[in-house]
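Just so it is clear, none of the values below were taken in a lab; they were calculated from the coordinates. Quantities reported herein were computed from a predicted structural model and do not represent experimental measurements. Neighbour counts are summed over all protein chains in view; Cβ atoms, including those assigned to glycine, are modelled from backbone coordinates with ideal geometry.
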Amino acid sequence: MLEMEKVLPLRGNPTSKEVVRSVPLSDVTLMALTVFLLSSLYFSVLLKLMHDWFILPDFSHGFLIPFFVGYLVWSQRGNLRVTPLAPSWAGLWVLVTGLALLLLGTLGSELFLARISLLFVTAGIVWLLAGREMLFKLRLPLAVSLLAIPIPQVLFNQIALPLQLLASAAASFVLPIFHVPVLREGNIIRLPAISLEVAEACSGIRSLMSLVTLAVLYSYFAERSAARRWILIACSVPVAVCANMLRIVGTGLLVQHRGPEVALGFFHEFSGLLMFVFSLILLLCLHAVMNRQAGRAV
């Protein structure tokens, strides 16, 4: 089927021309069929993924990612329409790799492989049907989609354990400054009244994953400089870690001065939300300082 083309003058340069492609009916049918096949192939995988978003506090931010990815694609719609289509068989290798990952993940009950295979399959289809340039322009939505996929449990433990030890070490260093005697054994902080265990849930990884995701979203909408975007995203990691350390120190102080019942009751649950809000405010303040310094430099 022949494509209809309309020639429009570019703003500011009346001699230049821009070709705006209208989408043929055959292409619409092909896209609809592709979406249907992907939905059928990954229905159970996506259903389990959304279930994990609902039950895992560490990845409840996953519900935001599809909307953000959709906005990223929609915001580039004009640029994507004028991108020349250049189908390439090179995309077939990426597609086959993605299907192989799906097979391995399904047979081996490895959810991470099955989920990440969707990104490979999507990238392969785009490269195969639309070309490498189209795939390059969609690199950001594909990369952001990774934030919606829970990391493997093995990697999760490798991140959580050092955070547990770091938080307990920081608390055992700070609490004596406030005249609270401490004896630390690994991730266990022994106080005169009670022993506190910095468990996996208290390692700070929950606020870390959520804060990184919010930093990505916030930096995209609030910052135009790519360098400052990366700085904000990178700073979200130490901010979240430090906020969790403060939470544990605060718990230790309450145990010492108000008793375990007060420290481990409502405060223990509420302090997580409080520290997350504190981290977010600190990140906003950091962005304000960056903008002020950039204004002075100009």
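Structure summary
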| quantity | calculated |
| --- | --- |
| Nonlocal amide H pairs with residue 190, under 5 Å, H built at 1.01 Å | 183, 184, 185, 196 |
| Alpha-carbon Debye profile of segment 179-263, log10 I(q)/I(0) at 0.10, 0.18, 0.27 Å⁻¹ | -0.37, -0.77, -1.25 |
| 50, 209 arranged by Cβ crowding within 10 Å, fewest neighbours leading | 50, 209 |
| Rounded Å value of the spacing that divides the Cα centres of segment 275-289 and segment 83-138 | 37 Å |
| Size of charge dipole - segment 154-297 - debye, nearest 20, with Cβ of Lys, Arg +1 and Asp, Glu -1, no other charges | 600 debye |
| P(r) histogram, all alpha-carbon pairs of segment 154-297 included - 10 Å bins from 0, percent | 12, 37, 29, 16, 6, 0 |
